[in-house]
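The values are calculated or read from the model by the stated rules, or taken from the named source; none is laboratory data. Please read all numbers here as calculations on a predicted model, not as lab measurements. Don't worry about glycine lacking a Cβ; one is built from the backbone with ideal geometry, like all the others, and counts go over all protein chains shown.
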Amino acid sequence: MEKFKSIIRDYPFIAFIIAFVILAFVPSVVFTDVYQSHLATLIFVNIVVAAGLNIVKGYCGQVTVGHVGLFAVGSYTAGTLFLYLGLGFWVTLPIAIIVTAFFGVAMGIPSFRLEGPYLALATLGGGEAIRLFIENGNFFRSTFGISDIPTPSLMGFNFDSPDRYYFISMTVMIIAVYFSFSILRSGVGRAFMSIREDPICAAAAGINVKKYKILAFILSAMFAGAAGAVYAHMPPGYIHPNNYTVIEMVTFLSMVVLGGLGHIWGGIIGAIIITIVYDLTRPLYKYQLLIFGLTIVLTILFMPKGLGGFIDRYFLEKRFKKKTGTEKT
Amino acid sequence: MLLKTKQLSKSFGGLKAMNKVDFELPKNEIRGIIGPNGSGKSTFFNLVSGIYDSDPGSYIEFDGHDITFTPPHEIAGYGLSRTFQLLRLYQDMTVLDNVMSGYHTKVPYKFFDAVIGRKKIWDQERAIKEEMMELLSFVGLADYAELNASELSGGQRRLLVLARAIAMKPKLLMLDEPAAGLSPVNVDNLMKIIMQLKEKYGLTLIIIEHILKVVMDTCNSVTVFDHGQKIAEGTPAQVKDDNAVIEAYLGKKMDDEEMRKALAV
């Protein structure tokens, strides 16, 4: 056991390969109908977005409310590349990631001068502008949406149904979460946190604040772009501007807040819980927004560091007591 | 000379916070900076460390580099570290992360290696962690490494800020009121730690401090600021008897005749 632990510590990707193998058996063992595979794909897409949002908001502390716009850029890059050039998933995914990264730079530039609620307003404007641009442009099929975006196929095998597409979304999710873990656990994650806590002190400690802020925006935009492309190619392959409204943004935010802002597992825990709850409460659709609004408010009031921070705290207090023999209040 | 300023000036609107200061600091010296509130001590730190841009015509040189208009993170990269009067702790990070983030300029690996998560990254991270734990146990905070910085007491926070500033192994360490708000016992302890660290890392120090005992006991030389100008410089004993210094600190020195007149009216 001890040896296994040290191997995982040196080569963390082994843990992700194990997770991949376990998740690969889930559809055939656990799921009873196709809808559950579809829901799982949605969860994976949300995990990728939330993991990216956790980098820029949770770790770097930049309050961005325009992230859904970047998600839309990812989707529509993939959609339009198919529509006009007939390109498939394997080409559109990397292009969507690169294009979204450039939009991430644009979204991040205001953060040099603005912070807190003012930055939130600026990015909110950015995200909404992207959505309205799509909605009012014939180039993007405006409110008709882009339909029949094909599912990917690999060596003759077509991932054309939800239980097959599950493997695509799961692979992207595992890779994205692996990258987010390695970035956040390294010195880069620490630099992000220092900027969140005190940019002036971070600068005096040798951290290039502007560079790292933009880096956080680019990284999280790449995550959103990947998620957007996976979402666009998901069967039945239909995207519509209404999928990228502020309401979706609130859902993404509530994922990160519930999971734990600045906790390495934050976005992931939140995305799983919120997506499932969102699905279970579909019959109560009138009250869904109320539920998510309340979730955010109550989490911030009673668990400021979310579920992740809450669990961490419990184990930390146990360890501290064991080490020093005193209670830490 | 490790640090040299020429004609260093800074004005905020009409107020001259720093007025043509020439300052020289050789290596391995402990320099104290004293002066009344608002005399420009902290402004001097902010100008040297690049937080403020100095006015045109100023010149700052550190360790052979012209750092007059260099951004703060590059100055830190040359080996200049500082603490702040208001601490500026990273409240919501663990004590260990606080210290490790101070090591940023010395982190050996590249960003893309970290993204891919190669083995050598985790080895290096562990080495950094061990080194920082050693530093923490040196200042006596090793037991608190996993706690949030906001959970420490005032005295422990001062020690943590000190440890964070030393983590980057600077050539010059500038301490802005390291002993403010500490009890006499803690002040002695802190000064002891600072002296030990100086020996261990071969530091050059500049200390702003209002507790004169600290300055007189530890510093090799003292610079006195008043109204943004350097009014005296020398050994602690010389500065203590300087008329300009006494005037700045205690008001004008009066002889008996003046005193009688002032009281009679």
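Scan the range B:145-155 residue by residue and report those that are under 15 Å from B:Val99 (Cβ atoms) and either away from chain A (no Cβ under 13 Å) or part of a loop (DSSP other than H, G, I, E, B) (or both). Those that are under 15 Å from B:Val99 (Cβ atoms) and either away from chain A (no Cβ under 13 Å) or part of a loop (DSSP other than H, G, I, E, B) (or both): B:Ala145, B:Glu146, B:Leu147, B:Leu152.
So if I check each of B:Gly50, B:Gly79, which one is touching a residue at least 40 places away in the same chain (Cβ under 8 Å), on the phi > 0 side of the Ramachandran plot and crowded, with 18+ Cβ neighbours inside 10 Å? Steps first, answer last, please.
Numbers: B:Gly50 fails: touching a residue at least 40 places away in the same chain (Cβ under 8 Å).
Result of the check over B:Gly50, B:Gly79: B:Gly79.
Any chance the range B:169-178 includes a residue that's within 15 Å of the chain's Cα centre (by Cα) and facing chain A (nearest Cβ under 10 Å)? Within the range B:169-178, one or more residues are within 15 Å of the chain's Cα centre (by Cα) and facing chain A (nearest Cβ under 10 Å).
Residue by residue, here is whether (1) touching a residue at least 40 places away in the same chain (Cβ under 8 Å); (2) hydrophobic (A, V, I, L, M, F, W, C); (3) in the same structural domain as B:Phe44 (by TED's automatic domain parsing) holds:
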residue	(1), (2), (3)
B:Val107	no, yes, no
B:Glu125	no, no, no
B:Lys129	no, no, no
B:Val139	yes, yes, no
B:Leu147	yes, yes, no
B:Val161	yes, yes, no
B:Lys192	no, no, yes
B:Lys198	yes, no, yes
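Residues in the range A:161-186 that are part of a loop (DSSP other than H, G, I, E, B) and within 12 Å of chain B (Cβ to nearest Cβ): A:Ser186 only.
When each of B:Ile116, B:Ile121 is tested for being within 11 Å of chain A (Cβ to nearest Cβ), β-branched (Val, Ile, Thr), buried (at least 20 other Cβ atoms within 10 Å of the Cβ) and without any contact (Cβ under 8 Å) to a residue 24 or more places away in the chain, the lone residue that passes is B:Ile121.
Have a look at A:Gly52, A:Gly127, A:Gly79, A:Gly145 and point out the one that is touching a residue at least 12 places away in the same chain (Cβ under 8 Å) and within 18 Å of A:Leu215 (Cα to Cα).
Answer to the check: A:Gly52.
Scanning the range B:13-45 for residues being under 14 Å from B:Leu172 (Cα atoms) and not small (Gly, Ala, Ser) gives a total of 9.
With respect to B:Asp97, is the statement that it is facing chain A (nearest Cβ under 9 Å), of a type in the set (D, E, K, R) and buried (at least 19 other Cβ atoms within 10 Å of the Cβ) true?
Values: facing chain A (nearest Cβ under 9 Å): yes; of a type in the set (D, E, K, R): yes; buried (at least 19 other Cβ atoms within 10 Å of the Cβ): yes.
Considered against the rule, which asks whether it is facing chain A (nearest Cβ under 9 Å), of a type in the set (D, E, K, R) and buried (at least 19 other Cβ atoms within 10 Å of the Cβ), B:Asp97 comes out as yes.
Within the range B:81-94, is even one residue farther than 30 Å from B:Gly40 by Cβ and more than 10 Å from chain A (Cβ to nearest Cβ)? No - not one qualifying residue is present in the range B:81-94. For the range B:124-144, the set of residues classified as buried (at least 18 other Cβ atoms within 10 Å of the Cβ) and in a loop (DSSP other than H, G, I, E, B) consists of B:Leu141 only.
Scanning the range B:65-75 finds one or more residues that are in a strand (DSSP E or B), at negative phi and not small (Gly, Ala, Ser). Selection over the range A:195-245 of residues that are outside any loop (DSSP other than H, G, I, E, B) and of a type in the set (Ser, Thr, Tyr) gives a count of 4.
Does A:Ser111 meet the test of being in a helix (DSSP H, G or I), closer than 25 Å to A:Lys210 by Cβ and among the polar types (S, T, N, Q)? Full working, then the answer.
Working: in a helix (DSSP H, G or I): yes; closer than 25 Å to A:Lys210 by Cβ: yes; among the polar types (S, T, N, Q): yes.
Considered against the rule, which asks whether it is in a helix (DSSP H, G or I), closer than 25 Å to A:Lys210 by Cβ and among the polar types (S, T, N, Q), A:Ser111 comes out as yes.
Note on the range A:187-207: residues that are more than 7 Å from chain B (Cβ to nearest Cβ) and either without any contact (Cβ under 8 Å) to a residue 40 or more places away in the chain or of a type in the set (Lys, Arg) (or both) amount to 3. No other residue among B:Asp63, B:Asp22, B:Asp55 is among the acidic types (Asp, Glu), touching a Leu at 6+ places or on another chain (Cβ under 7 Å) and outside the structural domain of B:Ala142 (by TED's automatic domain parsing) apart from B:Asp63.
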